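K.L.:
Sharing a structure here in structure tokens format.
Readers should treat all values here as calculations from the given coordinates under stated rules, not as data from a laboratory. In this text, all values refer to a predicted model and were calculated from it rather than measured experimentally. Heads up, the Cβs are rebuilt from the backbone with ideal geometry, glycines too, and the neighbour counts pull from every protein chain shown.
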Amino acid sequence: MAASAPVGLADRSDRQEGRGYAAALRRVAVLGLLCGGLALPASGAAAVRESAFVERATTPYRASASCYDRPDWAALVDVGYPDLKGQETDVYGLWRYDLRQVALPAHSCRTLEGWRRARASTLRIWIFVLGHELTHVQQSDLYNAPWSRPFDEVAADCGGYAKFEAIRIALGIRRNVSPPPLSFGECPLRRAHRR
């Protein structure tokens, strides 16, 4: 079971790009404030299940979506990213290149499916994560990533912001939810040019 391109706090891209643990810790602090209630208790649902609701957004990208309960999520992250063992909750989504599957923790699927009752601060994070992973889908199709070219995490974060509104609409979420602050991802701010 190969897993690719996690959205995570202490992922290898920070270390590989020289940002180190300081950048990862800053992201942990920001996420701690934004995500207060992301870890919801597991329900009696199946260990791994499909989400027709989430697939409303993934189908146009020719990808499926699956929701993993805590033990299966931990196993999936551990197989693909053994250096993150014990930090599985720091990984918010995975693009499973080999299966064309966006893998999400079950509680994220429940948040998206229960969008009417979900806290806006939590809901916006999962919409962003879905956009991030769908950007990896596009990278896979364009560059045969991760084989011929590694996934670009910064571009995926920018894609998460760029796709936010389209994904909200594709999911049928009729609440006015704004994207997470730019400090949540690694997408650089663009400066306005004077005319």
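K.L.:
With the crude spin-label approximation of a point 7 Å out along Cα→Cβ, what separation in nm comes out for I169 versus N144?
P.N.:
Using points 7 Å along Cα→Cβ, the separation is 3.5 nm.
K.L.:
If you average the C-alpha positions of the range 119-143 and of the range 159-176 separately, how far apart do those two centres end up, in angstrom?
P.N.:
Value for the Cα centre distance between the two parts: 10 Å.
K.L.:
Subtracting the Cα-Cα distance from 0.36 nm times the residue separation, let me have the gained length for A162 to R70 in nm, one decimal. Display every interim value, and only then the final one.
P.N.:
On the way: separation 92, 0.36 × 92 = 33.12 nm, distance 2.93 nm.
Taking 0.36 nm per residue and subtracting the Cα distance, the gain is 30.2 nm.
K.L.:
Which of the trypsin sites (Lys or Arg not before Pro) across the range 65-107 are loop residues per DSSP, with 11 or fewer other Cβ within 10 Å? Intermediate values should be presented prior to the final figure.
P.N.:
On the way: sites: K85, R96, R100; in loops: K85, R100.
The qualifying sites are K85.
K.L.:
Right, another one. Please work out whether the range 124-195 counts as rounded, prolate or oblate from its C-alpha gyration tensor, where a ≥ b ≥ c are the square roots of the eigenvalues and a/c under 1.5 means rounded, while otherwise a/b larger than b/c means prolate and anything else oblate?
P.N.:
Working: a/c = 2.09, a/b = 1.21, b/c = 1.73.
Because a/c hits 1.5 or more and a/b fails to exceed b/c, the range 124-195 counts as oblate.
K.L.:
Now for a different question. Could you give the C-alpha radius of gyration of the range 60-143 expressed as a fraction of 2.2 N^0.38 Å, taking N as the number of residues it contains?
P.N.:
Values: Rg = 12.9 Å, N = 84, 2.2 N^0.38 = 11.8 Å.
Cα Rg divided by the expected 2.2 N^0.38 Å: 1.09.
K.L.:
For the range 53-195, what is the convex hull (Cα atoms) projected area averaged across all directions, in square nanometres? Could you put the intermediate results ahead of the total?
P.N.:
Values: hull surface 39.5 nm².
If you wrap the Cα atoms of the range 53-195 in a convex hull and average its projections, you get 9.9 nm².
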